[in-house]
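K.L.:
I'd like to ask some things about the structure below.
The values are calculated or read from the model by the stated rules, or taken from the named source; none is laboratory data. This structure is a prediction, so every number in the text was calculated from the model and none was measured. FYI the Cβ positions are ideal-geometry reconstructions off the backbone, even for glycines, and counts take in every protein chain you see. The area values use the complete protein model at the heavy-atom level, side chains included, leaving out ligands, DNA and RNA. Shrake-Rupley method; radii C 1.70, N 1.55, O 1.52, S 1.80 Å.
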Amino acid sequence: MSDIDEGLRGELQRQGIWVTSMQELYNWGRKNSIWPLQFGLACCAIEMIATAASRYDIARFGGEVFRPSPRQADLMIVAGTVTKKMAPQIVRLYNQMPDPKYVISMGACAISGGPFKQGYNVLKGIDRYIPVDVYIPGCPPRPEALLHAFMELQRKIDEQKLSGSNKAEHLRPDQPSEFPVPAFGAHDLEPAANADLFRPPEIQR
Amino acid sequence: MTPNPYFFIVIFIGVALIFPVIPLGLAWLWRRFFQPPKPGAEKNATYECGVESLGDAQIQFRSQYYLYAIIFLIFDVEAIFLVPFAVAFTGLPVGAFIAILVFLLLLLEGLVWAWGKGCLTWAR
Ligand code: SF4
């Protein structure tokens, strides 16, 4: 499982011997069959649908199987405005996905509330409740941007370690697989953010 | 010696057993050595599109739904049989024609019965 020396690997390859490690095999398999969860929230979802359709064809990257059940999904594409009414459902869906699971936050809305940030009913970023792997800016991001995010995610998966102290989160028993679902409070969701997860940088003035 | 003609069924059963058992075994080994299971109350909860599930799944349906079943049979199953019947109509022998007429008559009877019972009037 230790990393293979690149020079040795190239030497062996010239002799017709292909060497790989379990970690590479595991990540190679995972990164080429990322199945997204099939749900869309707002206008960004239209771009996600376009990405899945034949013109942009996310199938080229192994992500065409949009699953209608979280039990079979690896990736959650939060595509659109997350209202406060919808946020608990999204967190619950995320919780119901099996490990390893990834989140792409697509569009200004999912990142920060976007154009509706001042709205009383709009969540100011899904990363307040669930860990996000890739953010895509844009309103809406073009399908190419989603494909790019998908490739970034593949790169991230490819670099996850199978053993050692910095191994992937889903392999560590101490890392949570579920996050608390916010409840509807009198004026806002309670809590307003998951304090363990959401640590925005302090603005230095 | 020729093998028993049912021998292929034995092979079939063997493959049918091995095929799922190997991935399941690999998954078990993977769980054992690499990926710690992380069950949880939310994760194991019934999937209801993200909404918390309410009540029991083992409910009784109203017996009145049998009407829908009958109407479905009349309109849907009949249509499925009528299409090939219509396609092969000119080449049918008399016996087949009468057989399909009997079948239609049976369904028509159901329709008349449902009509008489008032199932076809729009509920107000
Ligand atoms: S980021 Fe723009 S396009 Fe995407 S959901 Fe929000 S308003 Fe719609």
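K.L.:
Compute from the Cα atoms of the protein assembly as shown the Rg and the Dmax, the latter being the longest Cα-Cα distance, and quote both in angstrom.
P.N.:
In Å, with Rg to one decimal and Dmax whole: 28.2, 94.
K.L.:
Hey, another quick one. Normalized C-alpha radius of gyration of the stretch B:63-117, against 2.2 N^0.38 Å?
P.N.:
Normalised by 2.2 N^0.38 Å, the Cα Rg of the stretch B:63-117 equals 1.30.
K.L.:
Another question, then. Please check the stretch A:145-176 for residues whose accessible area, probe 1.4 Å, is lower by 20 Å² or more when all protein chains are in place than in their chain alone.
P.N.:
A:L162, A:H170, A:L171, A:P173
K.L.:
Between B:I80 and B:T121, take the C-beta separation as r, use R0 = 41 Å, and let me know the FRET efficiency to the nearest 0.05. Don't skip to the answer; put the middle values down first.
P.N.:
Numbers: r = 26 Å, r/R0 = 0.64.
Plugging the Cβ-Cβ distance into 1/(1 + (r/R0)^6) gives 0.95.
K.L.:
Over the Cα atoms of chain B, what radius of gyration and what Dmax do you get, in Å?
P.N.:
Gyration radius and largest Cα-Cα distance of chain B: 27.1, 75 Å.
K.L.:
GNM on chain A, C-alpha springs below 10 Å: top fluctuator among A:I46, A:I17, A:I58?
P.N.:
In this elastic network of chain A, the residue with the biggest mean-square fluctuation among A:I46, A:I17, A:I58 is A:I17.
K.L.:
Pull out the extension gain between A:R67 and A:Y120, defined as 0.36 nm times the separation in residues minus the alpha carbon to alpha carbon distance; nm, one decimal.
P.N.:
Extra length available between A:R67 and A:Y120 comes to 15.9 nm.
K.L.:
With only alpha-carbon atoms counted, please give the Rg and Dmax of the stretch A:1-134, in Å.
P.N.:
18.8, 65
K.L.:
Then there is this: Not counting ligands, DNA or RNA, and with a 1.4 Å probe, what is A:E24's accessible surface area in Å² rounded to the nearest 10?
P.N.:
70 Å²
K.L.:
Quick check on my link table: of A:K84/B:K43; A:K31/A:K117; A:K117/A:K167, which ones sit more than 29 Å apart, alpha carbon to alpha carbon?
P.N.:
A:K31/A:K117; A:K117/A:K167
K.L.:
Could you work out the mean count of beta carbons from other protein chains within 10 Å of each residue's beta carbon in B:35-45? Display every interim value, and only then the final one.
P.N.:
Details: counts 9, 8, 4, 9, 2, 6, 2, 11, 11, 3, 3.
The shielding value for this peptide is 6.
K.L.:
Have a look at A:Q13, A:Q118, A:Q160 and tell me which one the Gaussian network model of chain A (Cα, springs below 10 Å) gives the largest fluctuation.
P.N.:
A:Q13
K.L.:
How do B:W115, B:W28, A:W35 stack up against each other in accessible area, from largest to smallest, with a 1.4 angstrom probe?
P.N.:
Ranking B:W115, B:W28, A:W35 by accessible area, largest first, yields B:W115, B:W28, A:W35.
K.L.:
What distance in nm separates the two pseudo spin-label positions at A:L197 and B:L106, each 7 Å out from Cα along the beta-carbon direction?
P.N.:
5.8 nm
K.L.:
Could you state the number of Å between the C-alpha centres of the stretch B:54-70 and the stretch A:78-113?
P.N.:
Spelled out, the Cα-based centre of one part sits 35 Å from the other.
K.L.:
Right, here's the next one. Give me the net charge of A:Q175's neighbourhood, meaning all other residues with Cβ under 13 Å from the Cβ of A:Q175; Lys, Arg count +1, Asp, Glu -1. Write out the running numbers ahead of the final one.
P.N.:
Numbers: positive: A:K101, A:K167, A:R172, B:K38; negative: A:D99, A:E169, A:D174, A:E178, A:D196.
Every neighbour counted, the sum reads -1.
K.L.:
Which percent of the accessible area of the protein assembly as shown is formed by carbon and sulfur heavy atoms (probe 1.4 angstrom)?
P.N.:
Taking all protein chains in place, the protein assembly as shown shows 64 percent carbon and sulfur surface.
K.L.:
In square angstrom, what is the accessible area per residue of the protein assembly as shown with a 1.4 angstrom probe?
P.N.:
66 Å²
K.L.:
Now for a different question. Taking 7 Å along the Cα-to-C-beta vector as the label spot, tell me the B:R32-A:Q204 distance in nanometres, rounded to one decimal.
P.N.:
Between B:R32 and A:Q204, the label points sit 5.3 nm apart.
K.L.:
A follow-up question, please. Estimate for me the total accessible surface buried between chains A and B (protein heavy atoms, probe 1.4 Å, no ligands or nucleic acids), in Å² to the nearest 100.
P.N.:
1800 Å²
K.L.:
Output the residues of the stretch A:76-115 meeting this criterion: accessible area (heavy atoms, 1.4 Å probe) in the chain alone minus accessible area with all protein chains in place is 20 Å² or greater.
P.N.:
Going by heavy-atom accessible area, the residues of the stretch A:76-115 that drop by at least 20 Å² are A:Q89, A:R92, A:L93, A:N95, A:Q96, A:D99.
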